[in-house]
Amino acid sequence: MTVAVRSFAKINLGLYIGAARADGYHDLRTVYQTIALHDVIRVSVERGSRIEVLCKDPRVPLDSSNTCYRIAERVLDELGAKSKVSIEIEKRLPVQGGVGAASSNAVATLVALERALKKKLSGDARLRIAAAVGSDLPLFLVGGTVLGVGRGEEVYPLLDLPSVSMVVVTPEIGVSTPKAFADWDALMPQDKTTELRSAGQPGAAVPTQLTQPLASDRLLEVGRVLSAWLSSLPNTGASAKGGSRAGNLLSDLVRTGIENDFERVVFPKYPELRDIKGELERAGSRYASLSGSGSTLYGLFRSPAEAAKAARRLRKQGLKAVATRTLTRQKYWKQSLVASR
C-alpha cells in the first residue's frame, strides 16, 4: 500500500533567541504558522526489514541521516512492526530554506507510515518521537498557528490566525542553522562573573559589574510582547471567515516590532537577503521577514490580488517568488492526505 501526504511548510512570525543552554541548545520564543506550499511524501510498505529513501533532488540525503529515515526507524520500533519501508520525497520546498521542509517531511512520513501499516501511535508517542528527531518537528503534529518555546520543540496550539495572503521568496542560498546560532552566540555579550568565597557560600559566583539585559532577559520581555499581541486576538472563530482581522494582524506586527533575531547575523553574511526583504516591502508587503534562519523570506499582504501582483513584480527582477497563503489548523489536516493506492 502506498500513502501520499502533503508536507506543508511553515514560517516564523517572530523568532527570539535566548542564551545557549547547558545541553547546547538555545531557548527560543516563536510563533509558527503553517502555509500552503508543500512537498509530497509517498510511503509504501511491503514484506522485508529495511528502510529506503528516494528523492531526485541531489541535495537531499538518502541515508540514515535523513529525517524521514530516522523517524520511520523510530515509528517501526515503537509499533513493534517489521516491514520494508520505501519513502519517496517529491521535492518542491527549498533545502536549508528556513521553512521546516526536512522536519515537515519527517512528520508527513510518520503520518503516512501509520496509515500504510494501519496502526496508530498515541499522541504522546508521536510528540516524543518527533521531538527526539528534531526541534521543530512537533509543530507539524499541530498545524495552524502554534507557539514554540524551549528549543522550539515545546509547542502549544494557539487560536488560529485567519488565512493571510503572502509572497514567499526562495533564494538559491543554503543557510546553516548551527552556523547561524554560532554567529548569534558570538554577537551576544556574555555575563562576566567572578568567584567569591564567603561564609555559607563557598565558590558562589556573582556579577563583577552591572550588565545590560542579556539574551535570557530578552526572552522575558519578548514573552510579554507576544502575550499582549496574542491576547488581542478575538476569542471566537468568527474572524477566520473574513479579512478584517488579517489586516489588523499586519498592523499589529508592525506596531509591536516583532522580528526574527536571525536577521541580525544572517543579513551581514548574505546582504542579498536583506535586499530581498527590502524588495518585498517596496512591493507592498505590510510585514516582511526572514523565516527561521533563512534563506527563505516572506511578505504578508492584504489580499490575494496584492500578493499575486507583488510576486509578478519580484519574478521580473529574477527572484523565485510565489504567491500563497497561510493555512489554518483545520485546512492543514484536511488538505494533508493526497491519496492512497
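Say whether the condition of being within 18 Å of Glu154 (Cα to Cα), surrounded by fewer than 22 Cβ atoms within 10 Å (Cβ to Cβ) and either of a type in the set (Lys, Arg) or under 19 Å from the mean Cα position of the chain (by Cα) (or both) is met by at least one residue in region 79-88. The answer is no; no qualifying residue exists. Only one of (1) without any contact (Cβ under 8 Å) to a residue 40 or more places away in the chain; (2) assigned to a strand (DSSP E or B) fails for Leu62. Which number is that? All conditions are met except number (2). Selection of first residues in region 1-29 that are farther than 30 Å from Leu113 by Cα and of second residues that are among the basic types (Lys, Arg) and in a strand (DSSP E or B), restricted to Cβ pairs under 9 Å at least 6 apart or on distinct chains, gives the following pairs, ordered by first then second residue: Gly14/Arg29; Leu15/Arg29; Tyr16/Arg29; Ile17/Arg29; Gly18/Arg29. Annotation: Leu54 fulfils all but one of (1) over 21 Å from Glu153 (Cβ atoms); (2) touching a residue at least 40 places away in the same chain (Cβ under 8 Å); the unmet one is (2).
The C-beta contact set for region 139-162 (first residue farther than 25 Å from Phe181 by Cα, second residue buried (at least 21 other Cβ atoms within 10 Å of the Cβ) and acidic (Asp, Glu), distance under 6 angstrom, 6+ apart or interchain) comprises Gly144/Asp160. Only one entry of Ser64, Ser44 meets the criterion of being polar (S, T, N, Q), touching a strand residue (DSSP E or B) at 6+ places or on another chain (Cβ under 7 Å) and farther than 30 Å from Asp261 by Cβ, and that entry is Ser44.
Okay, residues lined up against (1) surrounded by 15 or more Cβ atoms within 10 Å (Cβ to Cβ); (2) among the hydrophobic types (A, V, I, L, M, F, W, C); (3) more than 25 Å from Phe140 (Cβ to Cβ):
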{"position": "Glu281", "(1), (2), (3)": "no, no, yes"}
{"position": "Ser293", "(1), (2), (3)": "yes, no, no"}
{"position": "Leu300", "(1), (2), (3)": "yes, yes, no"}
{"position": "Ala307", "(1), (2), (3)": "yes, yes, no"}
{"position": "Arg313", "(1), (2), (3)": "yes, no, yes"}
{"position": "Leu319", "(1), (2), (3)": "yes, yes, yes"}
{"position": "Ala323", "(1), (2), (3)": "yes, yes, no"}
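For region 62-78, a tally of residues being within 22 Å of Thr177 (Cα to Cα), surrounded by 15 or more Cβ atoms within 10 Å (Cβ to Cβ) and more than 17 Å from the chain's Cα centre (by Cα) returns 5. Here the strands (runs of 3 or more DSSP E) wholly within region 71-170 that include at least 2 residues being closer than 19 Å to Asp39 by Cβ and not hydroxyl-bearing (Ser, Thr, Tyr) are 84-90, 165-169.
Quick note: the coordinates plus some simple rules give every number you see, no bench work behind them. Everything quoted here is computed from the prediction, not taken from an experiment. Neighbour counts are summed over all protein chains in view; Cβ atoms, including those assigned to glycine, are modelled from backbone coordinates with ideal geometry.
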